[in-house]
Amino acid sequence: MLNSSLKQLSAALAVKKISSVELTGLFLDRIEALNPAINAFITVDREKSLGEARVADARIAAGNAGPLTGIPVAHKDIFCAEGWLTTCGSKMLSNFVSPYDAHVIARFKAAGTVTLGKTNMDEFAMGSSNETSYYGPVKNPWDIGRVPGGSSGGAAACIAARMAPAATGTDTGGSIRQPAALCGLTGLKPTYGVVSRYGMIAFASSLDQGGPMAKSAEDCALLLSAMAGFDARDSTSLERPAEDYSRSLDAPLAGLKIGLPKEFFGEGMDADVRAAVEEALAQYRKLGAVTVEVSLPNSRLSVPAYYVLAPAEASSNLSRFDGVRYGYRAPEYGDLKDMYQKSRAQGFGSEVKRRILIGAYVLSHGYYDAYYLQAQRLRRLIAQDFEAAFQVCDVIMSPTSPSVAFAFGAKSADPVQMYLSDIYTISTNLAGLPGMSLPCGFGAGNMPVGLQLIGNYFDEARMLNVAHQYQQVTDWHLRMPAV
Amino acid sequence: MSLSLEQVQRIALLARIEISPLEAEATRGQLNHIFELIEEMQAVDTKGVEPMSHAQDLALRLREDAATEENRRAAFQAVAPEVEAGLYLVPKVIE
C-alpha cells in the first residue's frame, strides 16, 4: 500500500479491499514512526483525519466516490484549512487556527480526500532548503544529513518517506520543483492562474501558484484535475473550462520536439546531474522525441530580477502581519508603532525580514525605476525568450537543480548562494509558464536527480503525458529511500 | 551601490521591524551582498520594453457591487490577539 499509485489505492478502496479509515491509519502510523526523525509535518491530528476518512468511507459505501475519495493527502502549511493550525512555517502564525478553507482545500474536500496533516516549509515559503522554518528543518529521507529542498520540503519529504501518498505544494520560484527533484518525486507548477490562490498565504502574488506533488505524473494528473478550476475569489484566477489532465497520458511521443536551452547546459551544473539528465534525454530520443537547441539569453538575469520582484511583493503582502487581527503580538510594547515593530521583529525569522527589507528598499522613493521597473522590464524579456523558444519546440527540458541535495548549513550562511540554487526554475515563474520536475536517476551520494520540463501556457496535460511516457520505461519514480 | 547603516535603519523603520544597531550592521552586510547580485540587472538595456507586472496580460474582472460573503465576525475575531465587544484592541492612538 505504501508504494501504491493513487489509481491503485482508489481501486483498492472501490472494491473494499481496504477502507479509508484503515488506509489513513496506515499512513498516520507511519508518520508517528518516522516524523520525529524527518520533521516533515508541523501538525498531525489523528482524530480529525480519521473523522474525514469515515466521511469518505460513507461516501464510497453510498456509491458517490470520485477518483480521489478516501485518499489521504498532506497539505502544505501555507494553505488555510478550517479548524487546522496554519503556520506558514512562521512564529508569526504559530497560534493561527484558520477560520476558513483555501479554495484548494475546499476542492480536495469536495473530491473526498482525507487531510493527513499540515507539512513543514520554509518560513512564508522563502527558502530553498527548509532551513528557515520556525519549526526546525525537514530532513531529506534519502540522507538525513541533507536538505530536502524548499520551500515545499515537508511535502516532498513526507512522500519520499512514504508517510503520505500525495501532497500539495506551492511554487513561487521553484518551491514545488526543486524539493521534488531533491527528494526523487514528481511535482508540477501549473500555468499561473490555473489553481486559485484564495486562502493560500501570499508571498509574491504575481508568481505564487499551487500544484501537486506525488510519486508519478499519473498521480499528479489526478491531483491537478481536482485542484484546478476557476475561483471568483482570486482576482487572477483564469476562467477556463475544466480539464481532465489525465486525458492524454497514453499518447505516444513520436515527433515530440524537446528544446534544450543552451544557457541551462553550460557552466554551473554538477557533473553527476548532467550525466543523469543526458541519459534521460537519450531515453526520450528512444521514445521518438527529437532534441533541438534553443536559447533563453536573458535567463541568467532571472535570479536578480526575481530577487527584486518577489521581495517587493512580499514586503507589501506581509505588511498585513501587524499583531492586530491575527497572529503573533509581542508580549510587551509601548505605543502602537512600537507594538508593530516589536511584533514583527519577534514574529518573523531572519530570511523573511531580509526579504521585507529588500522589498521596502526597491519600492522606496528614488529607487523604484532603477530596481522595480527594471526588473519588470527584464521579466518581459525573459517571457519573450520563452515565446521564441516555443516557436521551435513543444517542451523545454533541463535539470531542475544544478546539484543534488546539499548538506545542512552548506548554503545557509550565504543567501546569494542559496538563491542561485533556483537558477533553472525561477524564469518559469517570471514568465507564468507551467513547470514540472520528475526523477531521472541518482547522483553523488546516491541522491535523486530531477529533470525539469517547461511547457507552453496551459500545456499541463501534454507535459504530464511527456513525463508519464518516460515513467513507463523507467523506474526512478518507484525507488524509495531506506528509512 | 552600497547601503549605509542609516539607510538600513530607515528601511527597517518603513517596514515596521525593530532592529538593534548590532543587527543593522549585520543586515547591512547581507543586503549589500544581495544587491551586488541585483546590480547585474543594470547591464541590460531595456529601453522601450514595457514593464511586465503580471504573468497574464488580462484586465481585472468586474463584478456586481453586492455583498457575497456572510458575516463571520466572531469566527474571524477568535484568532485576534485582543478583542473586546467586537472591536480589535490596540494601544491608544489619539490622546
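The values are calculated or read from the model by the stated rules, or taken from the named source; none is laboratory data. Note that the structure is predicted; figures quoted are calculated from it, not measured. Positions of Cβ are backbone-derived with ideal geometry, glycine not excepted, and every protein chain shown enters the neighbour counts.
Yes/no matrix, rows are residues, columns are (1) at pLDDT below 95; (2) surrounded by 24 or more Cβ atoms within 10 Å (Cβ to Cβ); (3) closer than 15 Å to A:VAL73 by Cβ:
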{"position": "A:ALA110", "(1), (2), (3)": "no, no, yes"}
{"position": "A:TYR134", "(1), (2), (3)": "no, no, no"}
{"position": "A:ASP143", "(1), (2), (3)": "no, no, no"}
{"position": "A:THR172", "(1), (2), (3)": "no, yes, no"}
{"position": "A:SER175", "(1), (2), (3)": "no, yes, no"}
TODO: Just one of (1) buried (at least 18 other Cβ atoms within 10 Å of the Cβ); (2) assigned to a loop (DSSP other than H, G, I, E, B) trips up B:MET41, so point out which.
DONE: (2)
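With the condition kept exactly as written, say whether any residue in region A:405-416 is under 17 Å from the mean Cα position of the chain (by Cα), assigned to a loop (DSSP other than H, G, I, E, B) and at pLDDT 95 or above. Explain how you work it out, then say what you get.
The first filter runs over region A:405-416 and keeps only residues under 17 Å from the mean Cα position of the chain (by Cα), leaving A:405.
From what is left, the residues that are assigned to a loop (DSSP other than H, G, I, E, B) are A:405.
From the residues that got through so far, the ones that are at pLDDT 95 or above too are A:405.
Scanning region A:405-416, I find at least one residue that is under 17 Å from the mean Cα position of the chain (by Cα), assigned to a loop (DSSP other than H, G, I, E, B) and at pLDDT 95 or above, so the answer is yes.
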Open item on the list: Please determine whether any residue of region A:385-394 is under 28 Å from A:GLY432 (Cβ atoms) and within 22 Å of the chain's Cα centre (by Cα).
Closed with: yes
Open item on the list: Could you tell me how many of the residues in region A:314-341 are buried (at least 21 other Cβ atoms within 10 Å of the Cβ), more than 7 Å from every other protein chain (Cβ to nearest Cβ) and not in a loop (DSSP other than H, G, I, E, B)?
Closed with: 2
- [ ] Could you check how many residues of region B:50-91 are touching a helix residue (DSSP H, G or I) at 6+ places or on another chain (Cβ under 8 Å), assigned to a loop (DSSP other than H, G, I, E, B) and within 9 Å of chain A (Cβ to nearest Cβ)?
- [x] 7
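Mind checking which residues of region A:362-381 are surrounded by fewer than 24 Cβ atoms within 10 Å (Cβ to Cβ) and either at the interface with chain B (Cβ under 8 Å from one of its Cβ atoms) or in contact (Cβ under 8 Å) with a residue 60 or more places away in the chain (or both)?
A:SER364, A:ALA370, A:TYR372, A:LEU373, A:GLN374, A:GLN376, A:ARG377, A:ARG380, A:LEU381
Which is modelled with pLDDT of 95 or more, away from every other protein chain (no Cβ under 11 Å) and closer than 15 Å to A:SER302 by Cα, of A:SER421, A:SER401? Step through it out loud before you land on a result.
Working: A:SER421 fails: modelled with pLDDT of 95 or more.
When all the criteria are applied, what remains is A:SER401.
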Open item on the list: For the structure I just gave you, tell me whether A:GLU279 is farther than 30 Å from B:GLN42 by Cβ and either surrounded by fewer than 14 Cβ atoms within 10 Å (Cβ to Cβ) or in contact with an Asp or Glu (Cβ under 9 Å, 6 or more places away or on another chain) (or both).
Closed with: no
Open item on the list: Return the residues of region B:14-29 that are closer than 17 Å to A:PHE348 by Cα, in contact with a helix residue (DSSP H, G or I) (Cβ under 8 Å, 6 or more places away or on another chain) and in a helix (DSSP H, G or I); say none if nothing qualifies.
Closed with: B:LEU14, B:ALA24, B:THR27
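Tell me yes or no: at least one residue of region A:201-220 is touching a Cys at 6+ places or on another chain (Cβ under 7 Å), within 14 Å of chain B (Cβ to nearest Cβ) and surrounded by 15 or more Cβ atoms within 10 Å (Cβ to Cβ). If you could, list the steps in order and put the result at the bottom.
Pass one, region A:201-220, residues touching a Cys at 6+ places or on another chain (Cβ under 7 Å): A:201, A:212, A:214.
Going one step further and asking which of them are within 14 Å of chain B (Cβ to nearest Cβ), we end up with A:201.
Restricting the remaining residues to those that are surrounded by 15 or more Cβ atoms within 10 Å (Cβ to Cβ) gives A:201.
Taking every residue of region A:201-220 in turn, at least one turns out to be touching a Cys at 6+ places or on another chain (Cβ under 7 Å), within 14 Å of chain B (Cβ to nearest Cβ) and surrounded by 15 or more Cβ atoms within 10 Å (Cβ to Cβ).
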